[in-house]
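Student: Have a look at this one before I ask anything.
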């Protein structure tokens, strides 16, 4: 039996020659695919070497894998077109190829977007943005795969209109049932885009203050000065005033001191100069003013204003402590007394102190 006779033999409506050509096409793809992927990888590396050097390697590898898959799937499709197959087998293989092509396309789109998001976060060098990207990646993955799955099912000949409509009705029902979660999710997007605070910032929310440790999809977590963790819903954060101390270049400090009414006129006039000298002698503190402000119920009150040239809260407390101690020493040296709550009762007529005490009144 010669070779031509063998090649002309027919099995399942296809000759041996056609089977050989189909097999040769598939085997040839095993040689062509690595060569094509290497050429694409090298060309893409050169094209992105100067524009996007950080992404050149990752994108070129992604393109190489995609080209390899496309060459293999294309060779299989080309090989099968030369063969006469039963309708059931043709439809089955065609469906498998459609799903495979859809899988390759979805992975290409998702990996490209994911790579771009991570590159953007890395370039900004922002921990909160990096955390936001990590939180959004699963959401992006679900959305892209859901859209790709719908397109793949539609290309297989299924009617997806009813399914899409059902998903729409179900989505409305889910949205109504999870308004709180969706509100927190949109609030999270608002926080990420507007960036009123970031991880590491010290913020004040109403009566609560703390350092931002985590910005999540539903909640934000703060570490209070007392040590415990405070968990706040994102929807609450976007509806209240938030005081952020991160960008505060200086602190303006206002405090008051009071001296007793028995303080002499000369000593009262010396107090502003004493305060000024103390504050100006301290590093990171700039004196603004010190004035005899008002006559209190039991004290003569002075208002003192100065600036701390840093936003560090611990540095502010150290400076305030140093000022307080220096004022205490200076007033003690000059015989100036700090005021404290007192009450003086003046008894008239024949009433005596003992009578007043018997009536429940104490003279001080």
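What follows is calculated from the coordinates using simple rules that are stated; it is not laboratory data. This is a predicted model, so every value here is computed, not measured. Here Cβ is always computed from backbone atoms with ideal geometry, including for glycine, and neighbour counts include all displayed protein chains.
Student: Can you compute the modelled spin-label distance between residue 213 and residue 65, with each label point 7 Å from Cα toward Cβ, in nm?
Tutor: Spacing of the two 7 Å Cα→Cβ label points: 3.6 nm.
Student: Let me ask something else. Taking R0 as 56 Å, what's the FRET efficiency between residue 134 and residue 347 from their Cβ-Cβ distance, rounded to 0.05?
Tutor: 0.15
Student: With a Förster radius of 30 Å, plug the Cβ-Cβ distance of residue 123 and residue 185 into 1/(1 + (r/R0)^6) and report the FRET value to the nearest 0.05.
Tutor: Calculated transfer efficiency: 0.70.
Student: Sort 265, 45 by Cβ crowding within 10 Å, fewest neighbours at the top.
Tutor: 265, 45
Student: In what order do 142, 133 fall by count of nearby beta-carbon atoms within 10 Å, going from fewest to most?
Tutor: 142, 133
Student: What length, rounded to one decimal in nm, is gained on full extension from residue 309 through to residue 81, with 0.36 nm per residue of separation minus their alpha-carbon distance?
Tutor: 74.3 nm
Student: Work out, step by step, the length gained on full extension between residue 47 and residue 20: first 0.36 nm times the residue separation, then minus their alpha carbon distance; give nm to one decimal.
Tutor: 5.7 nm
Student: 7 Å from Cα along Cα→Cβ at both residue 5 and residue 89: what's the point-to-point distance in nm?
Tutor: 2.6
Student: Here is a further query. Apply the a/c threshold of 1.5 to the C-alpha gyration tensor of segment 3-156 and tell me whether it is rounded, prolate or oblate.
Tutor: Taking the square roots of the gyration eigenvalues as a ≥ b ≥ c, segment 3-156 is oblate.
Student: Using the basic label-point model (7 angstrom from Cα toward the beta carbon), what is the residue 295 to residue 273 distance in nanometres?
Tutor: Inter-label distance under the simple model: 2.5 nm.
Student: If a/c stays under 1.5 just call it rounded; otherwise compare a/b with b/c (prolate if a/b is bigger, oblate if not). Do that for segment 251-334, with a ≥ b ≥ c from the square roots of the Cα gyration tensor eigenvalues.
Tutor: Judged from the Cα gyration tensor, segment 251-334 comes out prolate (a/c at least 1.5, a/b above b/c).
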